[in-house]
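See structure below.
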Amino acid sequence: MGLNDYYEGFDVIPVQITLPIFTTIPKNVPNILPLIEQYRQEHSESHETNVKCNWRSDWMVQTDERFNEFNEWILEACSFVCQYHLNTQVTFSIANEWLMVYEKGDYAIPHEHFPFCLSVIYYVDCDPNAAPVIFEDDVEINPEVGKIIIFPSELKHEVKQTDGRRVVVSMNLNQY
């Protein structure tokens, strides 16, 4: 039996499960818009991915020490969600983090973030007419300044063409 034989003949058994999406707007929201604008000036090249937007940073924003305080704040929020809503204690690390600036007409094609365990969207700034993120073709969550969205990475999501500006931090988390 060759190695390729293992990849043939698997049965796929679908399982229906409801996966939670957590959102909140904390009281003490950090203003990192000036930091993002500075980062963009220093890293003006936009990286094209499934996100079709005015500017997108590289994948490694978490290595920039200027984001450390913000990143710790997000990691604490994720640990809180696991402890108080999922009844488990988990320590997370940021696998990758990127910044995006959407302008009118920008969008993100449907995608997911597997194999990571949790993903985070944080709205730094947004116009009232900015497009929502849509999960699994069904659940729409409107952007609001300071809103955190924490969700299982395997959930498919997208952003339709926006009519308003959205400045977003996204990241994928691993647990260990």
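Restricting the range 77-87 to residues that are in contact (Cβ under 8 Å) with a residue 40 or more places away in the chain and not aliphatic (A, V, I, L, M), the residue that is surrounded by the fewest Cβ atoms within 10 Å (Cβ to Cβ) is His85. If you filter the range 33-57 down to residues that are assigned to a loop (DSSP other than H, G, I, E, B) and touching a strand residue (DSSP E or B) at 6+ places or on another chain (Cβ under 6 Å), you find that the one that is modelled with the highest pLDDT is Ser57.
Can you tell me which residues in the range 58-99 are closer than 12 Å to Val169 by Cα, aliphatic (A, V, I, L, M) and in a helix (DSSP H, G or I)? Within the range 58-99, Val61, Ile74 qualify.
Among what's in the range 124-176 and is among the hydrophobic types (A, V, I, L, M, F, W, C) and in a loop (DSSP other than H, G, I, E, B), pick the residue that is farthest from Ile25 (Cα to Cα). By that ranking, first place goes to Leu155.
Matching residues to (1) basic (Lys, Arg); (2) surrounded by fewer than 16 Cβ atoms within 10 Å (Cβ to Cβ):
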{"site": "Arg66", "(1), (2)": "yes, yes"}
{"site": "Glu72", "(1), (2)": "no, yes"}
{"site": "Leu75", "(1), (2)": "no, no"}
{"site": "Gln89", "(1), (2)": "no, yes"}
{"site": "Val101", "(1), (2)": "no, no"}
{"site": "Gly105", "(1), (2)": "no, yes"}
{"site": "Ile109", "(1), (2)": "no, yes"}
{"site": "Glu112", "(1), (2)": "no, no"}
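Inspect the range 19-32 for any residue being within 22 Å of Asp163 (Cβ to Cβ), among the polar types (S, T, N, Q) and at pLDDT 90 or above and give the result as yes or no. Yes, because at least one residue in the range 19-32 is within 22 Å of Asp163 (Cβ to Cβ), among the polar types (S, T, N, Q) and at pLDDT 90 or above.
The values are calculated or read from the model by the stated rules, or taken from the named source; none is laboratory data. None of these values were measured; they are calculated from a predicted model. All Cβ positions, glycine included, derive from the backbone under ideal geometry; neighbour counts span all protein chains shown.
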